[in-house]
Structure formats: structure tokens, C-alpha cells
Amino acid sequence: MKTLFASLVLACAAALPAAAADAPAKESSAKDVPARIELSIKTLDGKTFDLAEHKGHWVILNFWATWCSPCIKELPELSRFVTAHKNVRAIGLAYEDTDVAEIKAFLAKHPVSFPIAQVDTFDPPKSLETPRGLPTTYLVAPDGSVAKKFMGPIDEAMLRDAIGIKD
């Protein structure tokens, strides 16, 4: 029953961004965004990603899934952005009820330059809202505050603008 319920929730959540795959991400208002995020999560490579350890850097927290077309489209852009900007870190939060082996197989075909962790769809990190659609991305400022929350696909230009990078 748990897996069936998760599948239905994720299917409904996927319908929103899939219908607007080419539409720009929607920025949330300040009241919809937590002031600070606490996140310490085990990554697929067995390490721990602790957001507090990345203070002083911009951090991209990206909820995505292997079955989400807009997510798959934005992963290479996020990866290039992180690689190109030394003051930017990222963590991919695979928000799906599937086997870790499936996510690893997906990443073998679609490699990224940042760590990936699987998020329990029934027990997501407490300081983050449960995503209402995928992809959902939080941009955390170097001081640890949440600078922006994007719902829908984002690209390098949107990140440069949000951070204030003039390339």
C-alpha cells in the first residue's frame, strides 16, 4: 500500500511540471520559503552531505526524479554550472520511491558533478517542504539563508541571475 500511495502521489506531482516542461520555473514568495534549511543526508556514495559544512558557498538543493523529463533536462545544466563556479555547491535529492540501484543505473547514463541522495517520499527532510512538483530547487546563500525557491525547471542563466554572477 505504501508503494502504491507513493506512486500515485509522485505521478500527480509529476503531472504539473511535465505539462509545463518548457515554461520557466516559478519563484516562490518569501512566505513560501523557509528562512534557513538544516540538511544532513547520506549520499548514494555512502558519504554524508551536511549543508552546514558548505557555509560560505552558494548551495543548490535540487529535488528531482529519474522519471521526470524536466528534471532530466536540467541536470546537465546544473552540473555545468557547479563545475564552472567554484563558489557553488549542489546536492541532488532524488525524490522517488525506487531502488537505489535504479537511481545509480540512471546516473551511470546521466552523470552529474555533484552528490546525489535519495529522499524518503514519506519522510522528507524536516526543514524542507514536501515538493508539490518536480523539479523543485532551493538556492541557499553563503550565509545559510534561503535566497530563492524555484518550482519547475531552471537553467544556468536563472542561477547566474539569482546569484548575481555577470558572465
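One table, with the values for the structure above:
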item	result
FRET E, pair residue 50, residue 109, Förster distance 30 Å, beta-carbon r, rounded to 0.05	0.60
For 160, 89, order by how many other beta-carbon atoms lie within 10 Å, fewest first	160, 89
Proximal charge balance of residue 53 [Cβ under 13 Å; K/R count +1, D/E count -1]	+1
Integer Hz, Karplus 6.51/-1.76/1.60 couplings in order for region 90-106, x for Gly and Pro	8, 9, x, 10, 5, 9, 7, 9, 9, 6, 4, 4, 5, 5, 4, 5, 4
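Bear in mind that the values in this text are calculations on the coordinates, not laboratory data. Everything numeric in this text was worked out from a predicted model, so none of it was measured. Positions of Cβ are backbone-derived with ideal geometry, glycine not excepted, and every protein chain shown enters the neighbour counts.
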